[in-house]
Structures are given as C-alpha cells and as structure tokens.
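The values are calculated or read from the model by the stated rules, or taken from the named source; none is laboratory data. None of these values were measured; they are calculated from a predicted model. Reconstructed Cβ throughout: ideal geometry from the backbone, glycine too, with neighbour counts over all protein chains shown. Please note that ligands, DNA and RNA were not included when accessible areas were found on the heavy atoms of the full protein model with its side chains. Shrake-Rupley method; radii C 1.70, N 1.55, O 1.52, S 1.80 Å.
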Amino acid sequence: MADQDHASLPAEGVFELGDMRLESGVTLPKAAIGYKTHGQLNAARSNVILYPTPYPAQHGDIEWLIGRGKALDPDKYFIIVLDQLGNGLSSSPSNTPAPFDRTRFPVITIRDDVAAQHRLVTAGFKIERIALVAGWSMGAQQTFQWAVSHPDMVERIAPFCGTAKTTPHNVVFLNSARSALITDVAWMNGNYQEQPVQGVRAFSHVYAGWAFSQPFYKQELYRQLGFNSLDDFITGFWERRYARRDANNLLSMLRTWQLNDVGGTPPFGGSLERALRSIKAKATVMAGQTDLYFTPEDIEADAALIPGARYQVIPSVWGHMAGSGLNAVDAQFVDQQIKALLGT
C-alpha cells in the first residue's frame, strides 16, 4: 500500500493511502482518508489525541468537544479528527470511480477504518504514541478498536455511547432504517441519478424514534433546540441531518456499524472478552442513561471486561444524543470525564 509522500501534512486535507487491501480481501484502489488537526504537535510527539467521526458525520461536525479550556484543548494537545471511510470525505461510494462506486463500493469494517487512520498517523504524521482516543457512537466503536489493535501505542481511551460489538437489537434497528430508504422507487438499486429524497426522509423518520428517548419527546425538549413543534423538529432537525448526505454513503457506513465486533480482531478468534481484556490503555467508558440502542447495560458489560476501566453514566433524558454535544449539561459531563482521564 503506497503512501502519500509528505514531510509535513496540512492542518486539513485528504491523505492518499494508495491501493488499500481491506479486511474482506478486496483491494480498494487509490484509497484516501480525510482529516483535520487542531493545535500543535509537541517536541516529544506525545500530546496526540485522536477523535474519529461518528455516523454520518464529517470532521467539521464534531468540534464541540474541542476548544480552549475544554478536554480537547488545542493549546495543550495535537488533536486529529479522523473521517471514517464512507463519510463522503474519505473514500466513499459517492467519490470512488467505477467499478467500486455506489453499491459496488466494498464492505468496510471498523478495523479497516482504524487501519487507514493508523497509516495516516504513523506514515503521514510520523506519530508513534497516542495520549488519548475518544469518540461518540461509531466513534466509540473505533476507539475500542484502536485500543485492541494497537495496545502498546494507545495510552488512554474514552469511548462514549457506543459498544465494542454491535448487538442483535441494534442490527434490527439499523435494518429498519435501511429498509425505509431503499423502498423509495427513486433508489433504483443504488444507481439513482438524483438522491432518493423520499427514502432518505423515511430513513430520518425511523432514526428520529431511536436517537432521543421517550422522556425527551414527552417533555418536548426539542424546544431547547429552537423547534416549536414535533413536526418542525422532525423536518428541521432529522430530515435536514440526513438530506445533506449521499444515500449510498449512509448505507455503506450503516453496514460498517452493523459489522462492528472487536472480538474479530486477530488473534482473538471472535472472543469479545479476550479482545477487551487485552486492552492496556487507561479507560473511561461512558453510556447515556436513556440510550435506546447503545444501552447502558451493554456498555457496562464491555467496560467490566477492560482491566481497570472506569464506567460512568451520563445522567440525561436525551437518549443516544446525550453524547452529541447538543445540550450544555451533557456536554459538560462528557468533557469533565475526559479531563479527569487525561489527568491520570
């Protein structure tokens, strides 16, 4: 796999990976990974924080955790926000030439994401030590995988609102969202000329029922986000959230999410327990109290398998979105937990 030849990389860009052999055995030609950095690398190259994107975000969407005085403080740390494969900036169905475009884009796993990120970090930035990997939702999946794949490189991890293996119920939820999208006649088996707008709207409506909790809707907390009615919220928040993304990209990343399982990492032979017990990083693992698909029970079970891990529950009725930075109270809780971890 050839690497982009850079003595130093720009603060924001796309790193060329060359032909990348994926876990499926398929080689993705001219693969690339998007990224953005904040802060400066210190002389010891020891102040690095990796912050991978969640579904279906791009690097500019998750900067709420970055800022002066925050846990991810660019005055102290060199923070690399990493774009997942499939998100429209890194190699994706929407930007890969035939014959690997659209639905022919190969299956991507979380380990493929981490392999691409590792190549960027080591070959691109010449970094060998990671002070922290932190991530929400699918970002948490990548965080767990970093600690399992590179135990001697990663010093700390803070996965929040995500599991080390996707549960069967989570798979069912994602299948329902996928089914809503592909029933649009404009889907055309993924070979659409224009985005399947009705399908993406249906997808967003299914998703809306899962990402926030029942108390969130009952208490009409969407008013705190500037919406005056439930209909306004579904249209103005959820439809808008997914209308900006390519449908094939949405489904490629969804498939990656469904396949997530750190137990599949060689040499653990499918054992989630063995994989998590191999983690050497100091860990703070967080769950949203009312998360409907990355449940506190599932996340607590993961945390219990990581040696010395600290498990914390975000006391919130914002469901899965408690980890998204949407409201100040939950954002401060996550920030404080990561600050405490960085202080160890």
Exercise. How large is ³J(HN,Hα), in whole Hz, for each residue of the stretch 148-165 in order, when computed from phi with the Karplus curve 6.51 cos²θ - 1.76 cosθ + 1.60 and θ = phi - 60°, using x for Gly and Pro?
Worked result: 7, 6, 9, x, 8, 9, 9, 8, 8, 9, 9, x, 9, 6, x, 10, 7, 8
Seminar exercise, completed: Mean accessible area per residue over the chain (1.4 angstrom probe, all protein chains present, square angstrom) is 40
Exercise. How far is it, in nm, from the label point at Lys280 to the one at Thr344 when both lie 7 Å from their Cα along the line to the Cβ?
Worked result: 1.6
Problem set entry | Translational diffusion coefficient (Stokes-Einstein; Kirkwood radius from C-alpha pairs) of the stretch 168-256 at 4 °C, 1.567 mPa s, in µm²/s | 94
Problem set entry | Gain in span if fully extended, Arg104 to Ser8, counting 0.36 nm per residue against the direct Cα distance | 31.2 nm
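Return a whole-number percent for the relative contact order of the stretch 154-247, with Cα pairs under 8 Å and 6 or more residues apart as the contact set. Don't skip to the end; give the middle numbers.
Numbers: 68 pairs, mean separation 23.3, N = 94.
Once divided by the residue count of the stretch 154-247, the mean separation gives 25 percent.
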Exercise. Assuming R0 = 45 Å, what is the FRET efficiency of His205 and Ala304, from their Cβ-Cβ distance, to the nearest 0.05?
Worked result: 0.80
Seminar exercise, completed: If each part is reduced to its alpha-carbon centroid, the stretch 218-236 and the stretch 20-61 end up apart, in Å, by 34
Seminar exercise, completed: Of every hundred units of 1.4 Å-probe accessible area on the chain, the number belonging to carbon and sulfur atoms, as a percent, is 51
Exercise. Comparing Trp187, Trp136, Trp318, which has the greatest mean-square fluctuation in the GNM of the chain with Cα pairs linked when under 10 Å apart?
Worked result: Trp187
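With Kirkwood's inverse mean 1/r over C-alpha pairs for Rh, give me the Rg to Rh ratio of the stretch 1-104, two decimals please.
Across the stretch 1-104, the Cα-based Rg/Rh ratio is 1.02.
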Seminar exercise, completed: What the 10 Å binned alpha carbon P(r) of the stretch 201-307 shows, as percent of pairs per bin from 0, is 12, 31, 29, 21, 7, 0
Seminar exercise, completed: For the pair Glu220 and Arg244, the simple spin-label estimate (label points 7 Å beyond Cα toward Cβ) gives in nm 2.7
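Computed FRET efficiency, Cβ-Cβ of Asp231 and Arg68, R0 35 Å: what is it to the nearest 0.05? Working shown, then result.
On the way: r = 39 Å, r/R0 = 1.10.
Between Asp231 and Arg68 the formula returns 0.35.
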Seminar exercise, completed: Simple SL model, points at 7 angstrom along Cα→Cβ for Glu128 and Asp61; separation in nm is 3.6
Problem set entry | Charge dipole magnitude, Cβ of K and R +1, D and E -1 - the stretch 85-156, Cα centre, debye nearest 20 | 100
Problem set entry | ³J(HN,Hα) computed for each position of the stretch 37-50 - Karplus, 6.51 cos²θ - 1.76 cosθ + 1.60, integer Hz, glycine/proline x | 10, 9, x, 10, 6, 7, 4, 7, 6, 10, 10, 8, 10, 9
